[in-house]
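Working notes, structure below.
Just so it is clear, none of the values below were taken in a lab; they were calculated from the coordinates. This is a predicted model, so every value here is computed, not measured. All Cβ positions, glycine included, derive from the backbone under ideal geometry; neighbour counts span all protein chains shown.
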Amino acid sequence: MKTPLVFAPAATRPFAERMVAALGVSLAPLEEREFEGGEHKTRPLVSVRGRAVFVVQSLSGDAAGSANDRLCRLLFFIAGLKDGGALTVTACLPYLCYARKDRRTKERDPVTLRYVAQLLEAVGTDRVIALDAHNLAAFENAFRCPVDHLEAVPMMARHLAQALGPESVTVVSPDFGGAKRAQRLQDLLAIHAQRDIGFALHEKRRSSGIVSGDLLVGPVAGCHVVIFDDLISGGSTILRAVQACREAGASRVDACATHGVFLPEARRLLGPEGPDQLIVTDSILPTRLVPAAGQRAPVVLPASGLFAEAVRRIVSGGSVVDLRELEPAKG
């Protein structure tokens with residue numbers, strides 16, 4: 001198979017440039033044009049006939065464009081690539097929009113994740129690579145085309161292990177639904193730090209947008225606490241967990257999440273009520289979370305190497321399943 005072609009719209013170009021640098025290739029050229037009324041066109045500037053093509057697009061919204069806009073651009077571009085004779089097209093999605101809407105929580109609710117999957121498949125997407133989907137089982141069940149699920153947990157564990165002090169360490173899930181995710185970090189952190197790591201759960205209930213629950217179960221007093229979640233939006237879940245851990249006697253409270261969606265109110269995370277350190281990946285650059293004078297900026301870990309290694313293995317016929325256990329290529 002020829003060297004893969006990797007395309008990236010402007011919105012995700014910085015991430016994609018780090019990704020292709022790890023792959024040892026260059027981004028394939030494309031043209032993006034804007035038309036009146038918000039219409040647009042994206043086309044490859046090289047032939048894609050008979051080629052394995054990868055399109056990198058983080059489906060998050062910001063001031064430059066909504067998640068809906070970026071999804072639409074991705075769909076049209078993939079359809080054009082298939083019309084142009086691409087052998088295969090793989091969508092590389094550092095952030096998958098609507099992943100949280102994976103089930104019906106109220107009567108007549110839409111299951112939007114499934115609809116996004118159907119849209120991607122309808123335009124001819126052959127494969128999807130995503131990073132830390134909100135619910136792994138729901139993500140895998142939503143798609144009929146092959147999917148690869150990447151995890152930021154090993155990268156988080158390596159980073160955290162390098163800065164641990166002598167005190168006991170506990171990983172905290174900020175809600176019951178994220179328990180397995182947090183236990184995964186607990187296990188890998190124990191391996192990298194070569195020591196026992198505790199585990200705790202914080203209760204969270206959400207109804208009509210109101211969050212409640214104050215139960216905290218597990219060893220926290222005197223511990224360096226690491227709260228781990230898949231994403232941070234408004235920050236209320238993390239802030240409640242931070243407060244509960246401090247009230248329970250934690251000596252230090254850090255917070256980690258793969259995706260920093262960061263609504264405006266998430267600025268509270270950088271204030272005194274927020275964690276001592278906030279860690280996210282570059283699946284969504286934290287442009288909405290600019291620290292004020294004296295505040296500590298979030299630590300941003302690069303996930304581009306994970307995607308580069310996944311692409312390398314797909315092209316060579318290797319397995320992506322065990323990628324999460326290994327050191328990814330540097331991005």
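Quick look at the values:
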{"read-out": "DSSP bridge pairs, the chain: antiparallel proportion in percent, nearest 5", "value": "25 percent"}
{"read-out": "Candidates LEU263, LEU23, LEU231: whichever shows maximal mean-square fluctuation once the chain is modelled as a Gaussian network with Cα springs under 10 Å", "value": "LEU263"}
{"read-out": "14 Å beta-carbon shell around LYS82, net charge (K/R +1, D/E -1)", "value": "+1"}
{"read-out": "Highest to lowest packing among 71-79, 276-284, scored as the average C-beta count within 10 Å", "value": "276-284, 71-79"}
{"read-out": "Cβ crowding within 10 Å averaged over residues, with 100-108, 122-130 ranked highest first", "value": "122-130, 100-108"}
{"read-out": "P(r) of the stretch 153-301 over all Cα-Cα pairs, binned every 10 Å from zero, in whole percent", "value": "12, 45, 36, 6, 0"}
{"read-out": "Loop trypsin sites (Lys or Arg not before Pro), the stretch 211-297 (other Cβ atoms within 10 Å of the site Cβ: 13 or fewer; DSSP)", "value": "ARG296"}
{"read-out": "Length released on extending from GLU31 to CYS145, taking residue separation times 0.36 nm less the Cα-Cα span", "value": "38.3 nm"}
{"read-out": "Separation between Cα centres of the stretch 284-324 and the stretch 103-155, rounded to whole Å", "value": "19 Å"}
{"read-out": "Principal-axis tilt of helix 236-247 within the chain, Cα atoms, nearest 10 degrees", "value": "20 degrees"}
{"read-out": "Note, ³J(HN,Hα) from phi for the stretch 79-86, Karplus 6.51, -1.76, 1.60, rounded to Hz, x at Gly and Pro", "value": "4, x, 5, 5, 4, x, x, 4"}
